[in-house]
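Each remark here refers to the structure printed beneath this line.
The values are calculated or read from the model by the stated rules, or taken from the named source; none is laboratory data. These numbers were taken from a predicted model, which means no experiment stands behind them. Positions of Cβ are backbone-derived with ideal geometry, glycine not excepted, and every protein chain shown enters the neighbour counts.
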Amino acid sequence: MKLNRLRNWALGLIFLAFIVMYIGVFVPVLMPYLLIIGIIMILISVFIYFRVGAMSMQIPTLECPHCHKKTKVLGVEDGCMYCQGLIQVEMAEDGGLYLVPRSKTT
């Protein structure tokens, strides 16, 4: 769920960059500055997408105790990508991961 939030921030940043650059069409004096700001915003968004993709490949895939679908959990506590149920990851004594079910928020 945290990965989806990061992806949504990156997508919102791209849309905001397009709006900033489009404002430059109506204010010709500020156009070069707004274009540079918009391009920087898009580059930041590309960096966020790149980092999320790199993190996504390293995250273990576990089964959600609520909906029984495979989900990726980032950190000690995260939500399922499908049912939004809160799940907590703890280390087992043998070194593996296991999920501790938490109550579902509405």
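With the requirement that a residue be exposed (fewer than 13 other Cβ atoms within 10 Å of the Cβ) and among the charged types (D, E, K, R), what does region 2-29 give you?
Selection gives R5 alone.
Of all residues in region 50-71 being buried (at least 18 other Cβ atoms within 10 Å of the Cβ) and under 18 Å from R7 (Cα atoms), which is modelled with the highest pLDDT?
Checking each candidate, the answer is V52.
I need the strands (runs of 3 or more DSSP E) fully contained in region 19-96, keeping only those with at least 1 residues that are of a type in the set (V, I, T) and in contact with a strand residue (DSSP E or B) (Cβ under 6 Å, 6 or more places away or on another chain).
61-63, 86-91
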